[in-house]
Amino acid sequence: MTRLWRSLRLVLLALVAGAYLVLDYLASSSSQPPLYAVLIGAIPLTAGVLLACWNSAFRVPALLLCGGGLLAVALNIDRLLAHAAWLYFFQHAGIMTSLGIMFGSTLGSHEGALCSRIARIAISEPLDARYLHYTWKVTLAWTLYFAASAGMSLLLFAFAPLATWALFASLFTPVSLGLMFGGEYLIRLRALPGQPHFSIAQTIQSYRKYTQCRDAK
């Protein structure tokens, strides 16, 4: 019964993710998208801003400011619909840029690299210098990936048809993210034989623990 529920949950999540990507593409590729598509597409950005305000040292003023911003958007919803593509662009390019900065800012040492910290959370035993050197290179690879994604997003939005940029942001980005995760896992198995390994799901869980510990400080 537990296995069946897990399978159904995975199927449901896949359907929800697929529906979101389709709506995201339809809304970001249209000059006059429907309101529901824009609102659904803005969920990640809105949730991220609200979470940042909640974790801020100035929680109440930040939440009030955020609420005022959301009210201003609601009162000017027609303008939002007329410039929805810009909302999606800033959301996509902003996320790629911030992730690139987050990964790149930890490249000062092998031990302090973000992927090294995640690996230490996922693996209970101490990691040797070879393992940490590998995780540093993985951190560098993710930094370059996010930088390239942000740069490509800017170039396509500025010079290519809107539908081309929307295809890149809404469909190519999640596919390439999955390929990065899967490819890194397969490379790790070959590059570090006999070493302890962790799955993609454990990587995501360890990253969540890392961000929770970081925010708690």
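The values are calculated or read from the model by the stated rules, or taken from the named source; none is laboratory data. Owing to the predicted nature of the structure, the values given are computational and were not obtained by experimental measurement. Because the Cβ atoms are built from the backbone with ideal geometry, glycine has one as well, and the counts that use them run over all protein chains shown.
General remarks:
- Check on Val138, under 25 Å from Thr46 (Cα atoms) and either modelled with pLDDT of 90 or more or exposed (fewer than 13 other Cβ atoms within 10 Å of the Cβ) (or both): no
- Pair list, Cβ under 7 Å, 6 or more apart: segment 157-169 residue hydrophobic (A, V, I, L, M, F, W, C), other residue in a loop (DSSP other than H, G, I, E, B) and surrounded by 13 or more Cβ atoms within 10 Å (Cβ to Cβ): Leu162/Ser29; Ala163/Ser29; Ala166/Ser29
- Boolean, Ala169 is at pLDDT 90 or above, over 23 Å from Phe198 (Cβ atoms), surrounded by 13 or more Cβ atoms within 10 Å (Cβ to Cβ) and of a type outside the set (S, T, N, Q): no
- Being closer than 27 Å to His92 by Cβ, in contact with a helix residue (DSSP H, G or I) (Cβ under 9 Å, 6 or more places away or on another chain) and not acidic (Asp, Glu) is a condition met by at least one residue of segment 183-190.
- Residue that is modelled with pLDDT under 75, touching a helix residue (DSSP H, G or I) at 6+ places or on another chain (Cβ under 6 Å), of a type outside the set (S, T, N, Q) and part of a helix (DSSP H, G or I), where the choices are Cys53, Cys66: Cys53
- Tyr185 being surrounded by 14 or more Cβ atoms within 10 Å (Cβ to Cβ), at pLDDT 80 or above and more than 20 Å from Thr97 (Cβ to Cβ): yes
- Comparison of Arg130, Arg120 shows that the only residue that is out of contact with any strand residue (DSSP E or B) (no Cβ under 7 Å at 6 or more places or on another chain), among the basic types (Lys, Arg) and in contact (Cβ under 8 Å) with a residue 40 or more places away in the chain is Arg130.
- Those residues of segment 98-125 which are over 19 Å from Ala147 (Cβ atoms) and either surrounded by 17 or more Cβ atoms within 10 Å (Cβ to Cβ) or basic (Lys, Arg) (or both), in sequence order: His110, Ser116, Arg117, Ile118, Ala119, Arg120, Ile121, Ala122
- Exactly one residue out of Phe90, Phe103 is touching a Leu at 6+ places or on another chain (Cβ under 6 Å) and among the aromatic types (Phe, Trp, Tyr), and it is Phe103.
- Looking across segment 153-165, the residues that are farther than 11 Å from His92 by Cα and not aromatic (Phe, Trp, Tyr) come down to Leu155, Leu156, Ala158, Ala160, Pro161, Leu162, Ala163, Thr164.
- Residue that is within 23 Å of Trp86 (Cβ to Cβ), surrounded by 14 or more Cβ atoms within 10 Å (Cβ to Cβ) and touching a helix residue (DSSP H, G or I) at 6+ places or on another chain (Cβ under 7 Å), where the choices are Phe157, Phe198: Phe157
- Residue within segment 99-110 that is over 23 Å from Tyr207 (Cα atoms) and at pLDDT 75 or above present: no
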